[in-house]
Amino acid sequence: HHDQPYYPIDGDQLLSLWFPVDPVPLDATLLFVRGSHRHGYYAPRKFETQRNYDGSDELPTMPAIADAPHEHELLGWQLQPGDCVLFSGKTLHGAVGNASERRSRRVLTTRWMGDDARFAPRRWEISPPYTG
């Protein structure tokens, strides 16, 4: 997924910071599709159902990166507490679930907006919901 379609924000200066609290080995790290911030928006998807949000049908469906990882240049890093990864809200990214019973993968994620960020109503549900 990429973050920006989930929020009611347009602009090029929406950034996500991903701070691990626990060590994150390469096999459990967040992966990024190199250059994907230049591809435009894809329809946001519900994480629990993998279905596109209602009302987002004017956007293309997210490509199935996990089904053809060899078709994309994926970037990821082993991380330690105190490291952080900074990326555009338009960058495609994701990670496998943490199935380990002995290793946690706790992270703090924050969003930052620059001068060009503007409120942008969406036709679909946004996350978190905004009612005001």
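The values are calculated or read from the model by the stated rules, or taken from the named source; none is laboratory data. Given the structure is predicted, the values throughout are model-derived calculations rather than measurements. Positions of Cβ are backbone-derived with ideal geometry, glycine not excepted, and every protein chain shown enters the neighbour counts. To get the accessible areas, we keep the full protein, side chains included, count just its heavy atoms, and leave off ligands, DNA and RNA. Shrake-Rupley method; radii C 1.70, N 1.55, O 1.52, S 1.80 Å.
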Problem - Filtered residue count, the range 105-122, keeping only those that are part of a loop (DSSP other than H, G, I, E, B) and surrounded by fewer than 12 Cβ atoms within 10 Å (Cβ to Cβ) - result: 5
Fill in the blank from the handout: Exactly one of Leu30, Leu26, Leu15 is over 13 Å from His1 (Cβ atoms) and surrounded by 15 or more Cβ atoms within 10 Å (Cβ to Cβ), and that one is Leu15
Fill in the blank from the handout: When Gln78 is run through (1) in contact with a helix residue (DSSP H, G or I) (Cβ under 9 Å, 6 or more places away or on another chain); (2) exposed (fewer than 10 other Cβ atoms within 10 Å of the Cβ), the failure sits at (2)
Fill in the blank from the handout: Residue hits (the range 37-55; within 17 Å of the chain's Cα centre (by Cα) and open to solvent by less than 100 Å² (accessible area, probe 1.4 Å)) are His37, Gly40, Tyr41, Tyr42, Ala43, Pro44, Arg45, Lys46, Thr49, Gln50, Asn52, Tyr53
Practice task
Please note which strands (runs of 3 or more DSSP E) are completely contained in the range 1-97 and include at least 3 residues that are farther than 28 Å from Arg122 by Cβ.
Solution key: none
Completion exercise
Note on Tyr53: of the conditions (1) within 26 Å of Pro23 (Cα to Cα); (2) in contact with a Pro (Cβ under 6 Å, 6 or more places away or on another chain), unmet is (1)
